[in-house]
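Throughout, read-outs are computed from the coordinates displayed, never taken from laboratory work. Model, not experiment: these values are computed from the prediction. When we count neighbours, we look across all protein chains shown, and the Cβ atoms used for this are built from the backbone with ideal geometry, even at glycine.
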Amino acid sequence: MQISALLRDGLDLAEYRDGETGPALVFQHGLCGGSGQISEVMQGLGSQRWQGLECRGHGMSPLGDTVSIACFADDVAAMIEAIGAPVVLGGISMGAAIATRLAVTRPDLVRALILVRPAWLVDDAPQNMAPNAEVGMLLEMLPLDQARAFFAEGETARRLEVEAPDNLASLKGFFNRRPQLETARLLTTISADGPGITAEDLRGLRIPALVCGCAQDAVHPMQHAQALAALIPQARLVELPAKARDKVAHLAALADAMTKFLKEIDDAPPAT
């Protein structure tokens, strides 16, 4: 895997790329994720070439002053402009929100979409992001050990232990992330944000889209994937095995769906 830097607003943002074949693919991580999350998905795609940007405050990229989905999307747009557009643009959770925003606001950059476990449709501060916001608030207000204990004893943790254990594991992991206050800022600010687009914008898209969701996921409800697939005219919906039950099967099914979709895109005649 190759690593380089994209200079934006005086910040060196970390770019990751690998692979050699297939259509140009830019794939973005989720909130408080990074290149490791992208690499995990790409392992099942063989030699498919891909590129990703660690958003501000994620991985090796410094946080800076501005934290928003719009800002993160502008950074990704700059990366795509540098490598050559249009690309297949995708992402997980927050990465999917970045992708939908750019498909609407910069259609010149995007030839197809891959939206995996989307956490947003069009509205700011969707209710499914409340657990992330709760962890961010606790990290902001309390010493680390107290914040962790308060969350573990609360209603959200008890509910997710039954309904969505994979979400609960991710939320608990945020308490181990450093720096604590930067993590708090990301969780509270992005959870209250949105892609800044409308349902009509999505209905107006004229590009192929693969939308993947799964059950037992309270932060990325299957209903969001279904709704996005219904809004985007050329979208295909795939329900993956629940990550909470079988992560290996989940990733294998995702890789299979993405491989088939990318082959179709690669075989399609150029747009005129």
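What to note about this one:
- Under a model in which nothing but the beta-carbon of Lys, Arg (+1) and Asp, Glu (-1) is charged, segment 1-86 shows a dipole of about 160 debye around its Cα centre.
- Angle between the chain longest axis and helix 222-231 axis [Cα atoms, degrees, rounded to 10]: 30
- Taking a ≥ b ≥ c as the square roots of the eigenvalues of the alpha-carbon gyration tensor, segment 150-210 is classed prolate because a/c is 1.5 or more and a/b outweighs b/c.
- On the beta carbon distance between Gln226 and Met137, with R0 = 25 Å, the FRET formula returns roughly 0.25.
- Three-way shape call for segment 1-136 based on the alpha-carbon gyration tensor, with the a/c threshold at 1.5: rounded
- Check: the chain dipole with +1 on Lys, Arg Cβ and -1 on Asp, Glu Cβ, in debye: 380
- Cα-projected label distance for Cys71 with Asp267, points at 7 Å along beta-carbon direction, nm: 4.4
- Cut-off under 5 Å, modelled amide H: who pairs with Ile207 long-range: Gln234
- Loop-resident GluC sites (Glu not before Pro) (DSSP state other than H, G, I, E or B) in segment 9-118 with no more than 16 further Cβ atoms inside 10 Å of their Cβ: Glu20.
- Potential extension, Ile83-Arg159 segment - 0.36 nm per residue separation minus Cα distance: 23.0 nm
- Sequence of Arg49, Arg101 once ranked by neighbouring C-beta atoms within 10 Å, starting from the fewest: Arg49, Arg101
- Ordered by the number of other Cβ atoms lying within 10 Å of each residue's own Cβ, fewest first, Asp18, Asp246 fall into the sequence Asp246, Asp18.
- Of Thr21, Thr100, the sequence from fewest to most neighbouring Cβ atoms within 10 angstrom is Thr21, Thr100.
- Charge dipole of segment 178-272 (Cα centre as origin; +1 on each Lys and Arg Cβ, -1 on each Asp and Glu Cβ, all else neutral): 180 debye, rounded to the nearest 20.
- Cα gyration tensor shape for segment 139-263, rounded if a/c is under 1.5, else prolate or oblate: prolate
- Helical mean residue ellipticity (222 nm; -39500 (n - 2.57) per DSSP H run of 4+; nearest 500) of the chain: -14000 deg cm²/dmol
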